[in-house]
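Chemist: Would you mind keeping the following structure in view while I ask a few things?
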């Protein structure tokens, strides 16, 4: 596996805070997790109706699902297994190299 | 060799650097290669100069890619641009005119240490790899480290944040080296273009404030022409406008610094996509993404040859 399979089970969430209350709740939720923000580049730039793309470690995905549901914040998972997408992006070449 | 080099896959730093040497050796009439300095970890910062050798004071365009390590489509575009420029010289009248009348300085990988790290260790690394003497976190956001409104809104002063502005402006050797080169040649460099991903946008100054640049109408129409040319390839829509209102406010950015240092046309491209694949844009989309962006960059460069 690429990167020693370190991204297996990691997910990328696309979250859309609909109002200022959602923005506050989302910043609070993400503030308590170690996340990799893809868009925007920092939590301070999160604002209402602008999508937030965040890479979440596999151990935290369930927690994030339940917190977002609890807060009724609109979201979906746009990459359900990051490792698989990484392998797809350049994986075939490395397998060819291995061959 | 060059003939077998695959422009439709992502390449490691080592592959890109050997490709640069190859292009330099096989096209002495159009290509020159030089280093503007060394990275934090001591790697050379290579630049290719493209253009017909003629009078020394030709106008020039600067294009850098790979400022943020995880944005792999950037270096792929810079390689694509060089390939297209060289292969279409004397076959495509627009490109022939551009290379006869302009020089292009192309820096395929700005953040060499970070890019290599994103291949070997952390696929989503963004920053440089400089060490901080107080914190265990490494790296500075190379697009927050320029000496323009440094470390103000939209940048972080915390070393562990992804938008960390650094201990002081131009603290990063990569930023300092490029800033020094651009300062030295600013009379000839008429356009600065920095390639990022992802959001499908074409951005211009200001990033750090909600104000209008003095030559707004010229820059705005150049951006309009560029996104129209881009759209003509596959119908992909790019938003365009001042970075502060189109994306978000950020301080210490390269386009603001280039503009404030006298380069009248400064652009940042945020290439595909808008978030289906994000940073993991598949290799199958390198071709269309680079083809459409090629049209946009040619439109910007062609605009420099006309009066605005």
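Throughout, read-outs are computed from the coordinates displayed, never taken from laboratory work. Fair warning: this is a prediction, and the values are worked out from it, not measured in the lab. Here the Cβ positions follow ideal geometry from the backbone for every residue, glycine too, while neighbour counts run over all protein chains shown.
Chemist: How much length is gained if the chain between residue B:245 and residue B:57 is pulled fully straight, taking 0.36 nm per residue apart and subtracting their Cα-Cα distance, in nm to one decimal?
Modeler: My answer for the length gained is 64.1 nm.
Chemist: Let me ask something additional. Among B:21-29, B:163-171, what's the highest-first ranking by average C-beta atoms within 10 angstrom per residue?
Modeler: Those peptides, ordered most packed to least, come out B:163-171, B:21-29.
Chemist: At 7 Å along Cα-to-Cβ for each site, give me the label-to-label distance between residue B:21 and residue B:305 in nm.
Modeler: 3.4
Chemist: Starting with the fewest neighbours, write out B:267, B:34, A:13 ranked by other beta-carbon atoms found within 10 Å of each beta-carbon.
Modeler: Placing the least packed residue first, the sequence is B:34, A:13, B:267.
Chemist: Sort B:295, B:183, B:116 so the one with the fewest other Cβ atoms within 10 Å of its own Cβ comes first.
Modeler: Final ranking by Cβ density, sparse to dense: B:183, B:295, B:116.
Chemist: Percent of Cα-Cα pairs more than 30 Å apart in the protein assembly as shown, please.
Modeler: That fraction is 39 percent.
Chemist: Expressed in whole Å with the largest first, what are the equivalent ellipsoid semi-axes of chain B derived from the C-alpha gyration tensor as the square root of 5 times each eigenvalue?
Modeler: 27, 23, 19
Chemist: Within segment B:17-36, which residues have the backbone N less than 19 Å from the label spot 7 Å out from residue B:6 along Cα→beta-carbon, could you tell me?
Modeler: Inside the label zone: B:17-20.
Chemist: In what sequence do B:55, A:72, B:138, B:272 fall when counting other Cβ within 10 Å, fewest first?
Modeler: Exposure proxy ranking, most exposed first: B:55, A:72, B:138, B:272.
Chemist: Next question. Gain in length, residue B:291 to residue B:87, computed as 0.36 nm per residue apart minus the alpha-carbon separation, to one decimal in nm?
Modeler: Result for the pair: 72.1 nm of gain on full extension.
Chemist: Compute log10 of I(q)/I(0) for segment B:189-308 with the Debye formula, placing one identical point scatterer on every Cα and leaving out solvent, at q = 0.21 Å⁻¹, to two decimals.
Modeler: The computed values of log10 I(q)/I(0) come out as -1.19.
Chemist: Ok, one more. Between helix A:58-70 and chain A, what is the angle of the helix's C-alpha long axis to the longest principal axis, kept within 0 to 90° and rounded to the nearest 10?
Modeler: Computed tilt is about 30 degrees.
Chemist: Where is the GNM fluctuation largest for chain B (alpha-carbon springs, 10 angstrom cutoff): B:49, B:224, B:90?
Modeler: Maximum among the listed residues: B:90.
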